[in-house]
Amino acid sequence: MTRARPQRPTFEGLTLGFGRIVIIEWLTPDDPTTGEALIKWMEQRGYHKTAPRTRMIQLYRPRTRDEFLKTLATIATETEAGAPAPLIHIEAHGNTEEDPSGYWHRDEHGHESLLKWEEMEPYLRAINLACRCNLLLVSAACWGHGAILAASATDRVPFIACVGFGTKVFPGPLHEAVKEFYRQVLDGTGKHLGDAVEASQRELGANGEIHFDVMQGLSYEAMEDLRSILTPDALRTRALAIAMRSLGGDLPLLDRLPYSTALNQLHCDQAAEMQRIWDIRFMIDLYPENRERFGCDIKGLVTALLDEASSSADGEPGASDPDA
């Protein structure tokens, strides 16, 4: 009998604790210094003095891709040493629309370089570890939302949420949209990050798109996609392999294989392992208080998906509505 899949969590109301804003401005020599301008605007609005304590606002201007990575390493070291948890804001150029894979830069000598988002992953992960899974990344660049790819292959998430642009965008509209985002976040109105992004999009209007992704939602969707590899044939093969290992060296008749026992073991082992992966991904194993923020019944989800697949493997109409 197929068990009901746990109700899909909404992951609403994300809370992030940060005590400083770190702006990394990696622009070409002839670009307007929008990172510096953003800090001046924040200071004019008093965001560096927000109660209950002063909020630090920092500006870094790396000249090369190596300096950029060293800047991230410095932020991680500072955070590990007790500096307030950072919000990282990157002012840069995305590379071409045909290949939006990272941040593009040209120095004063005309030398061009590309920093791929995946290359930033270990540095961002170190920062996120140091701030107990509280890192928000704001990617203020053309196609900058592609920075979410920095989280595509990692055991622990390199940030918990990413805000970035999904289109080409010009400096003026981008700057105004970013200011609206911070106005919503830092004015203390109690709005969710998603509301701040919506307000930023309204400011941007037809001049581009801004997107917001939370890693719990993306990770849960990836877990749900297990269905694509849990075909009846694949499930039967794996269960039979477990059964063969459990019988030792003597080869029995195929109809005497403990298939059902092996299938139960596959359910238990696979579900428990996927739950363990989730807990590692969101640092629940390191910081138990994160269970309240990021805990999720992944074991129940995977068990239900295995139920569906095993029912199909046994010839039963067990697959449920994928939208349930």
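The numbers here are math on the coordinates, done by the rules we state, and not lab data. It should be emphasised that the depicted structure is a prediction, and the values quoted were computed from it without experimental measurement. Note that each Cβ is placed from the backbone with ideal geometry, even for glycine, and that neighbours are counted across all protein chains shown.
Straightening the chain between residue 40 and residue 67 buys 7.3 nm, computed as 0.36 nm per residue apart minus the Cα-Cα spacing.
This ranking places 116, 40 by how few other beta-carbon atoms lie within 10 Å of each, fewest first, which gives 40, 116.
The residues packed around residue 117, meaning those with a beta-carbon under 15 Å from its beta-carbon, carry a net charge of -2 if Lys and Arg are +1 and Asp and Glu are -1. An oblate overall shape is assigned to the stretch 133-181, the ratio a/c of its alpha-carbon gyration tensor axes (a ≥ b ≥ c) being 1.5 or greater and a/b not exceeding b/c. Charge tally for residue 158 (other residues, Cβ to Cβ under 12 Å; Lys, Arg +1; Asp, Glu -1): -1.
Look at the Cα gyration tensor of the stretch 55-187: its axes a ≥ b ≥ c give a/c under 1.5, and that counts as rounded. The modelled label-to-label distance between residue 15 and residue 195, using points 7 Å beyond Cα along the C-beta direction, is 1.5 nm. Sorting 200, 101, 152 by the number of Cβ atoms found within 10 Å of their own Cβ, with the fewest placed first, yields 152, 101, 200.
DSSP loop (so not H, G, I, E, B), at most 12 other Cβ within 10 Å: list which GluC sites (Glu not before Pro) in the stretch 103-199 pass both filters. Passing both the DSSP loop test and the Cβ count: 108. Spin-label pair residue 156-residue 285: with each label point 7 Å from Cα along the Cα-Cβ axis, the two points sit 1.0 nm from one another.
Taking label points 7 Å from Cα along the Cα-to-Cβ direction, residue 31 and residue 187 give a separation of 2.8 nm.
Pairs of lysine residues in the stretch 20-215 that meet both criteria, 8 or more places apart or on different chains and Cα atoms under 24 Å apart, total 9. If you take the beta carbon distance between residue 221 and residue 48 as r and set R0 to 45 Å, what does 1/(1 + (r/R0)^6) give as a FRET efficiency, to the nearest 0.05? Result of the calculation: an efficiency of 0.75.
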